[in-house]
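The values are calculated or read from the model by the stated rules, or taken from the named source; none is laboratory data. None of the values given here were measured: they were computed from a predicted structure. Counting neighbours? That spans all protein chains shown, and the Cβs are built from the backbone with ideal geometry, glycine included.
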Amino acid sequence: MDSVKIIENGFVVTCDSADHAGYFAILVKGDRIVELNAGSAGLRARYPNAEIVDAAEKAIFPGFVDAHYHGESFALRTWTAGMVMSRWQKQPDIRGVFSYMYRDASKDELVPMYRAAYFTALKAGVTTLSEFGFDHLDIPLAAAREALKRSDLKGYVGIHNSEQMDYARADSTTGPRSTLVLAGEEDLTLYNLQTTIRLAGELKWPIVSHLGETRQGHETVRRNFNRSIPRILDEFRVLQHPVQLTHVGPLEETDLQILANLRIPVVVNPVSLFSKQTDHPPLAAFLAHDIPVALGSDWGVPDPFENMRQVSRLTGEGEIDPLQVVRMHTINGARALHMHEETGSIEAGKKADMTFVDIADSRHVLPVAFGDAVRFLRNVIQGSSSGSVSDVMINGEFFLRKGQIMTYAEEDLKREYREAMKGLLDTVKSGAQVGFAGGPGTPILRLRQESGIEDESRTGSESFDEGFRIIGTTGSLAQRSDDARPKEQQRDPSPQELPKTVRRTFGEDDF
């Protein structure tokens with residue numbers, strides 16, 4: 001028999017089609033919301049044995065949806081904080097820790113790291129998350145899936161190569177869903193584009209695609225395909241599949257019209273992009289074209305309230321409707337992940353995913369007393385943080401109660417995370433081996449501050465390594481002769497067997 005809960009005395013922000021905001025009683029049966037009522041007396045009479053949840057001095061939101069996140073950044077942010085993304089590959093300390101994380105970290109190291117990241121997201125009010133993952137064998141995928149299941153968050157983990165696909169298809173356990181990650185701008189080819197589309201159709205998995213995090217990424221794609229990223233996705237019918245579109249940089253009017261016509265949400269990562277100083281998405285244009293906007297953390301620590309606070313900085317027009325901003329981290333995020341039939345709003349029939357925020361502060365008294373929902377939400381967004389989240393419910397059960405994680409001892413989380421990161425710390429301590437300027441044992445953050453290197457804006461000439469096949473403007477692969485390459489890069493005419501640790505990109509085998 002399903003458990004019954006009556007949640008009363010809370011200020012509820014529904015984010016449904018009617019955008020209700022006010023004091024409602026919520027009836028939860030099992031894992032679903034059954035009814036919203038103006039008062040709880042009638043519900044109490046009908047369900048005398050129900051568990052009563054007193055939400056006095058709480059605002060109740062739909063569980064926050066983090067529509068794009070890199071779990072490994074929970075650790076790597078220590079080195080990238082305050083550093084423009086275009087300079088990451090120029091810093092020996094960052095190159096060293098990135099190399100270890102993306103090539104050498106084991107599953108035993110990655111699971112506690114992802115677990116710490118996801119439980120931190122839970123404490124921030126996140127109930128649903130899309131993990132981008134990274135491209136190295138099946139280890140990061142297995143670690144992220146295991147950690148996401150352990151945290152009880154809903155969501156996706158990205159698939160980057162054939163090893164990861166094989167693992168995901170063989171893993172029949174319930175838990176995270178899978179997405180197929182389309183190659184980034186510098187690596188996109190006609191071949192991997194068509195292969196990803198084919199596999200998405202066969203497996204019924206969504207496609208994750210960047211829309212161009214940097215201007216250079218846009219220019220690279222336009223140079224190789226003679227068309228913009230949105231136009232490529234439209235012409236190749238990628239947008240006819242379920243897609244998750246993130247990292248939106250400069251777009252033209254024709255690109256905006258493509259997205260507007262299909263009403264496809266785009267994922268924007270305000271805190272991360274200000275930190276990395278990448279190109280800003282045309283948020284004002286999205287809103288003007290009625291393109292739904294969702295929010296993600298991307299790089300760092302999930303903090304929905306800080307993300308919502310930073311949204312107005314992207315419009316250039318001051319503050320926008322706070323309810324619209326809340327929808328970006330709730331129902332719009334759910335739509336971006338194609339989970340809006342299940343979560344993202346508080347209404348009958350949806351899963352009971354809710355985030356409770358402390359509003360005991362006296363600044364909220366008058367807006368609530370006068371029923372001014374707009375002013376109230378503005379106050380909550382401006383004055384709240386992850387520490388303001390008191391309770392989180394997923395599928396009708398509390399996984400955070402009075403600020404405490406219910407399913408994992410936080411001291412164990414911290415201890416396991418510290419122990420798991422030993423390999424990363426050993427890499428830092430042996431910095432001389434990877435070219436750290438300060439030698440073994442030099443504190444990395446202090447070294448950067450004393451180095452005299454100042455953050456600088458990204459320029460078009462700065463990028464990560466570019467080693468991709470060129471695409472002709474006709475859409476066919478442009479062949480490049482080995483003779484045109486430097487001698488050390490020319491192919492060895494004799495066939496060589498690949499090591500077992502070399503991952504395969506999509507399409508190198510038939511599935």
- Message: Against the condition touching an Asp or Glu at 6+ places or on another chain (Cβ under 6 Å), crowded, with 18+ Cβ neighbours inside 10 Å, without any contact (Cβ under 8 Å) to a residue 60 or more places away in the chain and not β-branched (Val, Ile, Thr), how does Ser297 come out, does it pass?
- Response: no
- Restricting the search to region 202-233, which residues are farther than 24 Å from Asp298 by Cβ and surrounded by fewer than 21 Cβ atoms within 10 Å (Cβ to Cβ)? Glu202, Leu203, Lys204, Arg223, Asn226, Arg227, Arg231
- Query: Any idea which of (1) surrounded by fewer than 24 Cβ atoms within 10 Å (Cβ to Cβ); (2) on the phi > 0 side of the Ramachandran plot; (3) not β-branched (Val, Ile, Thr) is the one Ala170 doesn't satisfy?
  - Reply: (2)
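Residues are listed down the side, and each one gets a yes or a no for (1) at pLDDT below 95; (2) on the phi > 0 side of the Ramachandran plot:
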site	(1), (2)
Leu43	no, no
Ser73	no, no
Met83	yes, no
Arg87	yes, no
Gln91	yes, no
Val97	yes, no
Leu110	no, no
Leu122	no, no
Gly133	no, yes
- Kindly establish whether Thr214 is out of contact with any Asp or Glu (no Cβ under 6 Å at 6 or more places or on another chain), at pLDDT below 95 and among the hydroxyl-bearing types (Ser, Thr, Tyr). no
- Query: Within the bounds of region 337-349, is there any residue that is charged (D, E, K, R) and touching a Pro at 6+ places or on another chain (Cβ under 8 Å)?
  - Reply: no
- Checked region 326-349 for anything more than 16 Å from the chain's Cα centre (by Cα), surrounded by fewer than 21 Cβ atoms within 10 Å (Cβ to Cβ) and either assigned to a strand (DSSP E or B) or not acidic (Asp, Glu) (or both); matches are His340, Ala348, Gly349
- Item | Residue within region 119-131 that is surrounded by fewer than 23 Cβ atoms within 10 Å (Cβ to Cβ), farther than 25 Å from Ile291 by Cα and not acidic (Asp, Glu) present | yes
- Query: What pairs can you find where one residue is in region 171-197 and under 21 Å from Ser130 (Cβ atoms), the other is in a helix (DSSP H, G or I) and small (Gly, Ala, Ser), and their Cβ atoms are less than 7 Å apart, with a gap of 6+ or different chains?
  - Reply: Ser178/Ala168; Leu180/Ala200; Glu185/Gly217
- Being within 25 Å of Asp54 (Cβ to Cβ), in a loop (DSSP other than H, G, I, E, B) and in contact with a Pro (Cβ under 6 Å, 6 or more places away or on another chain), is that true of even one residue in region 359-376? no
- Message: Suppose we filter Asp279, Asp290 for residues that are over 27 Å from Arg115 (Cα atoms), under 20 Å from the mean Cα position of the chain (by Cα) and either surrounded by fewer than 18 Cβ atoms within 10 Å (Cβ to Cβ) or in contact (Cβ under 8 Å) with a residue 24 or more places away in the chain (or both); which single one remains?
- Response: Asp279
- Item | Residues located in region 136-180, provided they are in contact with a strand residue (DSSP E or B) (Cβ under 8 Å, 6 or more places away or on another chain) and part of a loop (DSSP other than H, G, I, E, B) | Asp152, Leu153, His160, Pro176
- Is it the case that region 62-72 has a residue that's free of Cβ contacts under 8 Å to residues at least 60 places away in the same chain, touching a helix residue (DSSP H, G or I) at 6+ places or on another chain (Cβ under 8 Å) and either over 30 Å from Gln324 (Cβ atoms) or β-branched (Val, Ile, Thr) (or both)? no
- Looking at region 162-176, is at least one residue hydroxyl-bearing (Ser, Thr, Tyr), out of contact with any Cys (no Cβ under 9 Å at 6 or more places or on another chain) and closer than 18 Å to Asn269 by Cα? no
- Message: Pairs needed: first member in region 217-238, over 24 Å from Leu199 (Cα atoms) and touching a residue at least 40 places away in the same chain (Cβ under 8 Å); second member anywhere, of a type in the set (Phe, Trp, Tyr) and outside any helix (DSSP H, G or I); C-beta distance under 9 Å; at least 6 residues apart or different chains.
- Response: Thr220/Phe468
- Qualifying positions in region 178-194 - surrounded by 20 or more Cβ atoms within 10 Å (Cβ to Cβ) and within 20 Å of Val157 (Cβ to Cβ): Ser178, Thr179, Leu180, Val181, Leu182, Ala183
- Just checking, how many residues over region 354-390 are closer than 15 Å to His20 by Cα, at pLDDT below 90 and either surrounded by 13 or more Cβ atoms within 10 Å (Cβ to Cβ) or among the β-branched types (Val, Ile, Thr) (or both)? 6
- Task: With the condition kept exactly as written, say whether any residue in region 45-52 is buried (at least 21 other Cβ atoms within 10 Å of the Cβ) and either modelled with pLDDT under 95 or over 30 Å from Arg418 (Cα atoms) (or both).
- Result: no
